[in-house]
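Single-structure report; data block below.
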Amino acid sequence: MSKRDYYEVLGVSRNASAEEIKKSYRKLARQYHPDVSQEADAETKFKEVNEAYEVLSDEQKRGMYDRFGHAGVSGAAGTGGFGGFDFSGRDPFEIFEEVFGSFGGFGSRRQSGGRRPRRGSDLRYDITIEFEEAVFGTEKEIEIPRRETCGVCNGTKAEPGTSPIRCPECNGTGEVRRQAGFFINISTCPRCQGVGEIITSPCQECQGRGQVVKKRRLSVKIPGGVDNGTQIRLSGEGESGVNGGPPGNLYVVIQVKPHAYFRRHEDTVMLELAINITQAALGDEVEVPTLDGKELMTIPAGTQTGDTIRLRGKGVPRLRRDGTTSSRGDQVVTIQVRTPTNLTKDQRQLLLELGKTLDREVVPQREKSFFDRIRDAFGV
């Protein structure tokens, strides 16, 4: 069964503000909370509303959803984990509590002792690569600091040989209830901070945190065709989960160094090439740089400044959403006719003789910008 549009789920327009999205979420989350609603499918709707809010309340995830739909935010990019987000393991009740806090009268759905599994945090790593590496792909070694489950206490936070004790304040529930008339207020236990247990002998290795920070070296395969802002997801390489929860993901964000003379527009490589007036007038065959090395190119007679010549298949590989590549784009060479300077006496005389045979009428023309040339190259 296909998922409903997230904007439809929350009942907001696609250009809704963050405040409008949050306001709609608060209304629907209260309406469908399983502790309140009498509808048979309340919990399903509650999870659907939380999933929609989880995406649309985050500017980056919302941008991916607007561009690619559910595939852009569901990790549907294949086993390589390229390009998408993965929200598996995110507890809708945890999202609810983040927005509402301990909402009066609603149970927090904690497991016994407040030890509900929680997914580990996602991490981001920015990496800068060369222009050619972005085109053809590369493999990089990176080192990231992350929180991992303590190997001494295995995440229990207690020194080996000891055990946590049940919190006497909340009797291990992690919550305290106070009744005022017909209303029951539920709040986090102030003594155990909602855990339900008290550590009497904290683990010395992690100081009772259950996690330690370690550096991890990873090899990242970067496919050809990536560009500035491309994200590569490494599933499960984020921080460790808590209480047996799944680990988060690591997102490697690509930045590409500018090239000395190549520019890029999507899968097309742009190059400006200067030639002399004789080559422009009579035509020539010249070697031009490409990403694959020198390439022989024919300049037609009568070439003007701003004219373009297309070299098929010499551009950037087209990157699919699953991280693989297909055929390459083209290289577009824009011609600049160079006016000679510092002429010798003979050269000057030859040009004077040539000038006598040419039309001397002056015709005003607008010089094309770089973006005009791009539009000409793409026929737009």
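Most tightly packed first, judged by the mean number of other beta-carbon atoms within 10 Å of their residues, the peptides 209-218, 326-335 read 326-335, 209-218. Cα centroid separation, segment 25-68 to segment 300-339: 46 Å. Is segment 18-77 rounded, prolate or oblate when judged by the Cα gyration tensor, a ≥ b ≥ c being the square roots of its eigenvalues, rounded requiring a/c under 1.5 and prolate requiring a/b larger than b/c? Oblate, because a/c is 1.5 or more while a/b does not exceed b/c.
Ignoring lysines fewer than eight residues from residue 257 along the same chain, the ones with Cα atoms less than 16 angstrom from its Cα are 140. Full extension of the chain between residue 26 and residue 191 yields a length gain of 56.5 nm, computed as 0.36 nm times the residue separation minus the alpha carbon distance. Between rounded, prolate and oblate, where does segment 131-205 land on the alpha carbon gyration tensor, with a ≥ b ≥ c its root eigenvalues, rounded for a/c under 1.5, else prolate if a/b exceeds b/c? Oblate is the answer for segment 131-205, as a/c is 1.5 or above yet b/c matches or exceeds a/b. Spacing of the modelled spin labels on residue 18 and residue 336, each 7 Å from Cα toward Cβ, amounts to 4.3 nm.
Between residue 273 and residue 59, the simple label model (points 7 Å from Cα in the Cβ direction) yields a spacing of 4.3 nm. Centre-to-centre, using Cα atoms only, segment 236-266 and segment 152-222 are separated by 31 Å.
Once both labels are positioned 7 Å from their Cα atoms along Cα-to-Cβ, the gap between residue 358 and residue 162 label points is 9.2 nm. Figure legend: label point modelled 7 angstrom from the Cα of residue 321 along Cα→Cβ; residues of segment 35-71 with amide N under 19 Å from it are 52, 55-56, 60-71.
Excluding same-chain neighbours fewer than eight residues apart, the lysines reachable from residue 214 by a Cα-Cα span under 19 Å are 157. Under 15 Å from a label point set 7 Å out along the Cα-to-Cβ vector of residue 128, the amide N atoms of segment 208-240 belong to 228-229. For segment 190-314, would you read off the P(r) tail past 18 Å as a percentage of all alpha carbon pairs? Of all Cα-Cα pairs in segment 190-314, 72 percent lie more than 18 Å apart.
Less than 16 Å from a label point 7 Å out along the Cα-to-Cβ axis of residue 295: which backbone N atoms in segment 119-144 qualify, by residue? Label zone hits: 132, 135-136.
Just so you know, all these numbers are worked out from the coordinates, no wet-lab data involved. Just so it is clear, the model here is predicted, and its values are computed rather than measured. Backbone-built Cβ (ideal geometry, glycine too); neighbour counts: all protein chains shown.
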